[in-house]
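The next block holds one structure in the form of structure tokens; read it before the comments.
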Amino acid sequence: MDENLVALTIDDKEVKVKQGTTILQAAKQANIDIPTLCFLKDINEVGDCRMCIVEVDGRKGFATSCIQKVEEGMVVHTHSPAVMEARRVILDLILSNHHRDCLTCTRNGNCELQALAMKFNVQHVEFEGEMTEHKIDDKSPAIVRDFNKCILCRRCVAACKNVQQIGAIDCINRGFESCISTVGDNSLNDVNCTFCGQCIEACPTGALKEKEYIKDVWRNLKDPDVYTVVQTAPAVRVALGEEFGMPIGTNVTGKMVSALKSLGFDRVFDTNTGADLTIMEEANEFVERFKNQDCLPMITSCSPGWVRFAEKNYPDLLGHLSSCKSPHQMFGAMVKSYYAKKYNIDPKKICMVSVMPCIAKKYECQREEMEVDGVRDVDYVITTRELSRMIKQANIEFTQLEDDVFDEPMGEATGAGAIFGTTGGVMEAALRTAADTLEGKDLPQFEYTAVRGGKGRKETTVEIAGKKIKAVVVSGLSNARKVMDEIREGKADYQFVEIMACPGGCVMGGGQPIKSSKIRSEVDVRKLRADALYTIDEKSVIRKSHESPVMKQMYAEFLQKPGSEIAHKYLHTHYTPKKLYDI
Amino acid sequence: MKTLEEIHQIREQKRKELDLRVNTAADTREKHILVCRGTGCTSSKSPDIIANFRKIIEEKGIQNVRVIQTGCFGLCAKGPIVIIRPEDTFYAMVTPDDCREIIEKHIEKGEIVERLLCKDVDNTMVNRLDELNFYKKQKRIALKNCGIIDPEQIDEYIAFDGYKALEQVLTQMTPDEVINEVSESGLRGRGGAGFPTGRKWLFTKQAEGDQKYVVCNADEGDPGAFMDRSILEGDPHSVLEAMEIAGYSIGADKGYIYVRAEYPIAVQRLRVAIDQARDYGLLGKNIFGTDFSFDIEIRLGAGAFVCGEETALLESIEGRRGQPRVKPPYPANSGLWGKPTLINNVETYANITRIILNGAKWYASIGTEKSKGTKVFALGGNVNNIGLVEVPMGTTLREIVFDIGGGIPNGREFKAAQTGGPSGGCIPKEHLDTPIDYESLSSIGSMMGSGGLIVMDDSKCMVNISKFYLDFTVSESCGKCTPCRIGTKRMLEILDRMCEGKADEDDLYKLEKLALNIKKSAICGLGQTAPNPVLSTLKYFRDEYMEHIKYKKCRAGQCKALANIEIDPEKCKGCGICKRNCPVNAITGEPRQPHKIDPDVCIKCGTCVDKCPFKAIKK
Amino acid sequence: MGEKNCMDEKVSNEMQELLKNYTKEKSNLIQILNEVQEKYGYIPKQAQVEISNYLSIPMAEIYGVITFYSRFTLEPKGKYNISVCLGTACFVKGSQALLDRLKERLKIEEGQTTPDGKFSIDATRCVGACGLAPVFTVNNEVYGKATVKKLDEVLDEYMKKED
């Protein structure tokens, strides 16, 4: 067993680590935290920034600790005078070409560069000089690029090109003029970007950020003529607490509702209910298509980044997508129709705000299809991060809040709705309802654990009413591409496919609290957040969407039955092929 | 496809035919007119010379005379060069109009065209190439065939022992024996860093992998270095043959030559050579009927100096931006597409066949203790004989500059020699007697580099020179790592300030601090060596830096912002030459009266300084 | 607009022909770009689109490669492309003065083309005629042992030709 262990010395400490460990990891095991910037575990391990350099006895230059593997008997110094000076020079150089308007930056307080400047107590920049100038791209409804703050770490490029296999951005030019850009420096809006926002999550500084709609939300909240309604996606409640110093994966549903009420929303609803509604419609659609063997496999459509990806890359396969709108769009449409009618509110006076873990939903809510009779389903989408800012701006001591509950009559959601926020959740929720429908009874076994977990692609075959249904669940667009290619080539024999654009699903969406590279390499953020959702499911009294009394009531009072004409009017949509590049 | 037998026949027959190329006493009635078709001579119209010769010969119906295109003879400054064999008469600076005279006088009447002969630096007339001082101290191994054979005729290559080494290796030696031979020869990488070639081959052989590759680095990027190009243009088969030998040794069946697209002639010659070698079965499946198969593909670079760095080169072959990878792992273990890959440069390969044929002992007997064999230099700058020189390792700088190079023109003083291009340093007068080998050069703050050797006279400002190199590095930095991307830019900004007279002593401190830290922390060779020109000039010419900073003075008068061009009225005779040559009409004056320069109009180009016959104008 | 589409279509068709000579391996990118640059004198956008489709490489990556290598250009060069060699051998012999003079006379920077599309300037690294240093070239014509005066004369000649 010892054969696989390598003994080395780091800062005079004897360390024994597995063969193949990087110096950076080995140091971590000895409680030595070597600073990094461009390093993002498993995603960007390229050694560009040079912050992680260390001195190794017997070697001429410095070693790149984030890449280089340990060797037997290696003697490493992580803070020798030479390393310290070089590291300071490098940090200084990075700062010398960085717009240092930290106080007015979105990432103030959560910036890896700022943290390093603090760590090294940088008092002034020694090597001032020319700075590269970039125009800000804020054309898209979702993402703002300010590359004056870019430090060329390329984490965003790796997230976009390697993880998602989109490649909307890449490094262009060379030398000092190098920068991250799209083809021809066009707006993200006009290229192959899907607005998944994984680049934002990867960015250590404020070079990439969401387009903020807080001001609009505040304006509506303060307008007495506007009836403000908010809904929160399942994944938001298990991440929002992080922005207030709570452990990753804390379920803060009660405090969140309480905070939203304090912000002044007239009604606080749960997108989980929208998710239940989606299941009602989608499971029904699936059952119909399955019975008629019509355009199978059917593919879920609740991830707008995925939908944009499909429209741009697989225009020939759009018929496979479920016609269901995503949960918050469905829910918005219901608020402005069913709810408005029931409580006699003018739908035009309702401002529907969705709090989402997602960047692409900002784009989705602005899609022209997303309205009924001239009434927009959802007016604004803000992210988990933006909500935390609003709470802070409203002087609310979030951690001290008493728990509150969602408003009636659309507040009570099932456990099936909750798990929508993680990869595999939509499939599991849909199977719960589809199985009961096809079998015609309340099945006692309804947990589909094969589709749970963080793997990018999970398959299961279930037998329902004597028929086999083969399902596949993928998250991350690179995995989506593989499955779509298989479908295109006729190699896939699935009946049901769940696709989410973000690796890990909505809990890891582009609108979620941004975790530093250090946290991401130490903790499985996805698992902690997803586990919290499964706990909510487990603790729910009702765990199948079709058993929800809210659903029963909505269908009885308004929607008639799943797939009805009125359901189609409000809850379904269509897709149109889009040019991959509109330049 | 040719059998081994047929190759032997070609060799024997062609060797007889071509004896006149290397033997002035050759028993023949033929004459060969050799015309250099290297890039230098080609750009001064040598193709027209060839065409003219052929036209005149045909027109006159002359028999037994052939016009042959060859690679570079080396003495580019005297180009276009024409040599008549077997007598080996050497004509310099020939124009297409001179062809008739050469044919009518030399070929038809056997008289030498004296006006086209070359004068040596000491003004003696020279009849033959090897009578020139330029050639006396040279030893041609890598350049052996350059200027002797027609590079586009495989038979001519075969005639001079071409593909004999490959035959020997494939039929008589094990891979280990070949590697051993290369190791024993002491050959080290000619691309710059000087890593022992045999060891590189051994590591690649030992590396585990089902597929291995042999790569030839022909991305010669040093501004002012052109030996690799000359080898490819003059003797392309020697590189192909060596790559095959390497492939056999390490267990690879595929080779890539990464060559600059800016070298169209070299690319063309390589293409022809590969086609001909394939035709003869000297490339491809089961070479010489053995189990060994090998093929070579050309990949064109597209104008990025950094691609000369081996890992950047691999990235580029794979079709990406030429951004270097962090080492280790080295290409020997993880190279092209992650497979074990052997990378050597052109000149290194050019030595291989000679080592195999003449033996490691022979090769190791040339050069110094740690640096064996010869090195080709591209001698340029302020030196009389500009061109390619190949000298045994250990030759001193003084011998190269003064004996071979013929010293400094225009009666100026030697100030410094720069080796290693943007990665190297400036060597001052006091180190002129340093023997040229890897260790000695790095001990004085420069490096061997790929072989650029630029001589500078005392009209050169060393601050300006280091700015020139930094400017090069900045524009060629790939931008991947912070120290190189931003650090070299900051260094350049400081040097700019110095040359503009706007720097203070703190700038000097910053410059040095940046230089030392970039050297240690950049990812690749380009970044790690980028500060060398600055560090070496700081070491030897620090006083010039101080003058720029403290007194805002540039003693060489090269830094325009600090320069002030004036006409000394005592010395000016009013001849008007400066006035006529001034490109911006900044000079006024009546004939035979002292002239004046209007400083507001003057662009300080220095033309007048150079043109004044009375040395009356000073910077 | 119509004219532009027509041009795009022409490039598309030509590109599809050109691409037939290459496999779909991504490593062919630079070789293809070299051929396109030769063919058009620059890399038209439509050519980038075709290459992106053919090799399945995102356009941003192709753009990154084009802007990395100095041989590739995104805009056509001038009718007369004047390159001044800034290799060390030429620099030491005063080629910087040639470049400065050229920029001054044409009122453009290196890498740019005059508004009338007639002239463009490049600073190159070693054209291989070190024996003739300093050197500049106009298209493929090499002018060796150059001086500012000689440059002026050559430039005047080309300008006269264009008048």
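Overview of results
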| read-out | value |
| --- | --- |
| Filter result for B:F90 (among the aromatic types (F, W, Y), within 25 Å of B:V376 (Cβ to Cβ) and outside the structural domain of B:Q168 (by TED's automatic domain parsing)) | yes |
| Candidate set: segment A:120-150, residues that are within 14 Å of chain B (Cβ to nearest Cβ) and aliphatic (A, V, I, L, M); chosen: the one farthest from the chain's Cα centre (by Cα) | A:V125 |
| Selection count where residues are under 26 Å from A:C160 (Cβ atoms), more than 9 Å from chain B (Cβ to nearest Cβ) and out of contact with any strand residue (DSSP E or B) (no Cβ under 7 Å at 6 or more places or on another chain), scope segment A:42-75 | 4 |
| B:L75 away from chain C (no Cβ under 14 Å) and crowded, with 17+ Cβ neighbours inside 10 Å | no |
| Output for segment A:151-163, where each listed residue is more than 11 Å from chain C (Cβ to nearest Cβ) and more than 20 Å from A:G206 (Cβ to Cβ) | A:N162, A:V163 |
| Enumeration of residues in segment B:328-342 that are surrounded by fewer than 19 Cβ atoms within 10 Å (Cβ to Cβ) and more than 14 Å from chain C (Cβ to nearest Cβ) | B:P328, B:P329, B:N333 |
| Unmet requirement for A:K325, which otherwise passes all of (1) buried (at least 20 other Cβ atoms within 10 Å of the Cβ); (2) out of contact with any Asp or Glu (no Cβ under 7 Å at 6 or more places or on another chain); (3) more than 27 Å from A:L188 (Cα to Cα) | (3) |
| Matching entry among B:G445, B:G501, B:G421, B:G479 (being more than 14 Å from chain A (Cβ to nearest Cβ), of a type in the set (G, A, S) and touching an Asp or Glu at 6+ places or on another chain (Cβ under 8 Å)) | B:G421 |
| Scope segment A:17-41; condition buried (at least 22 other Cβ atoms within 10 Å of the Cβ), aliphatic (A, V, I, L, M), part of a loop (DSSP other than H, G, I, E, B) and away from chain B (no Cβ under 12 Å); matching residues | A:I34 |
| Selected residue (only one of C:L99, C:L19 is more than 12 Å from chain A (Cβ to nearest Cβ) and either among the polar types (S, T, N, Q) or within 17 Å of the chain's Cα centre (by Cα) (or both)) | C:L99 |
| Close pairs from segment A:76-88: first within 13 Å of another protein chain (Cβ to nearest Cβ) and touching a residue at least 12 places away in the same chain (Cβ under 8 Å), partner among the polar types (S, T, N, Q) and in a helix (DSSP H, G or I), Cβ under 8 Å, at least 6 apart | A:A86/B:N517; A:A86/B:S521 |
| Residues located in segment B:469-492, provided they are closer than 22 Å to B:K604 by Cα and free of Cβ contacts under 8 Å to residues at least 24 places away in the same chain | B:D471 |
| Condition check for A:I180: within 11 Å of another protein chain (Cβ to nearest Cβ), in a loop (DSSP other than H, G, I, E, B) and buried (at least 24 other Cβ atoms within 10 Å of the Cβ) | no |
| Exclusive hit being touching a residue at least 24 places away in the same chain (Cβ under 8 Å), within 19 Å of A:A434 (Cα to Cα), of a type in the set (G, A, S) and out of contact with any Cys (no Cβ under 8 Å at 6 or more places or on another chain), set A:S521, A:S540, A:S545, A:S517 | A:S545 |
| Top-ranked residue in segment B:266-288 [being of a type in the set (G, A, S) and surrounded by fewer than 20 Cβ atoms within 10 Å (Cβ to Cβ); ranked as nearest to B:Q153 (Cα to Cα)] | B:G281 |
| Subset of segment A:89-104 (residues that are in contact (Cβ under 8 Å) with a residue 12 or more places away in the chain and in a helix (DSSP H, G or I)) | A:V89, A:I90, A:L91, A:D92, A:L93, A:I94, A:L95, A:S96, A:C102 |
| Residues of segment B:288-315 classified as in contact (Cβ under 8 Å) with a residue 60 or more places away in the chain, within 14 Å of chain C (Cβ to nearest Cβ) and in a helix (DSSP H, G or I), total | 7 |
| Out of B:I523, B:I486, sole residue that is within 14 Å of chain A (Cβ to nearest Cβ), in a loop (DSSP other than H, G, I, E, B), among the hydrophobic types (A, V, I, L, M, F, W, C) and surrounded by 24 or more Cβ atoms within 10 Å (Cβ to Cβ) | B:I523 |
| Residue that is in contact (Cβ under 8 Å) with a residue 24 or more places away in the chain, within 23 Å of A:R529 (Cβ to Cβ) and in contact with a Phe, Trp or Tyr (Cβ under 7 Å, 6 or more places away or on another chain), where the choices are A:T423, A:T399 | A:T399 |
| Any hit, segment B:557-578, residues being surrounded by fewer than 20 Cβ atoms within 10 Å (Cβ to Cβ), more than 14 Å from chain A (Cβ to nearest Cβ), in a helix (DSSP H, G or I) and out of contact with any Asp or Glu (no Cβ under 7 Å at 6 or more places or on another chain) | yes |
| Criterion (of a type in the set (F, W, Y) and within 11 Å of chain B (Cβ to nearest Cβ)) met by exactly one of C:Y80, C:Y143 | C:Y143 |
| Any chance C:E61 is more than 18 Å from the chain's Cα centre (by Cα), among the charged types (D, E, K, R) and outside the structural domain of C:A146 (by TED's automatic domain parsing) | yes |
| Members of segment A:461-513 found to be of a type in the set (S, T, Y), in a strand (DSSP E or B) and under 26 Å from the mean Cα position of the chain (by Cα), listed by number | A:S475 |
| Search result, residues across segment B:381-421 that are in a loop (DSSP other than H, G, I, E, B), crowded, with 24+ Cβ neighbours inside 10 Å and among the hydrophobic types (A, V, I, L, M, F, W, C) | B:V383, B:I386 |
| Search result, residues across segment A:316-367 that are part of a loop (DSSP other than H, G, I, E, B), in contact (Cβ under 8 Å) with a residue 40 or more places away in the chain and either among the hydroxyl-bearing types (S, T, Y) or assigned by TED's automatic domain parsing to the domain that holds A:T194 (or both) | A:S322, A:S323, A:S326 |
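Every residue, every condition in (1) touching a strand residue (DSSP E or B) at 6+ places or on another chain (Cβ under 8 Å); (2) surrounded by fewer than 20 Cβ atoms within 10 Å (Cβ to Cβ), yes or no:
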{"site": "A:K458", "(1), (2)": "yes, no"}
{"site": "A:T461", "(1), (2)": "yes, yes"}
{"site": "A:K482", "(1), (2)": "yes, yes"}
{"site": "A:K491", "(1), (2)": "no, yes"}
{"site": "A:R520", "(1), (2)": "yes, yes"}
{"site": "A:D531", "(1), (2)": "no, yes"}
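This table checks each residue for (1) within 14 Å of chain A (Cβ to nearest Cβ); (2) crowded, with 23+ Cβ neighbours inside 10 Å.
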{"site": "C:E25", "(1), (2)": "no, no"}
{"site": "C:A47", "(1), (2)": "yes, yes"}
{"site": "C:E50", "(1), (2)": "yes, no"}
{"site": "C:F68", "(1), (2)": "yes, yes"}
{"site": "C:F91", "(1), (2)": "no, yes"}
{"site": "C:L106", "(1), (2)": "no, no"}
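The values are calculated or read from the model by the stated rules, or taken from the named source; none is laboratory data. Bear in mind the structure is a predicted one, so any value in this text is a computation, not a measurement. Methodologically, a virtual Cβ is constructed for each residue, glycine included, from the backbone with ideal geometry; neighbour enumeration extends over all protein chains shown.
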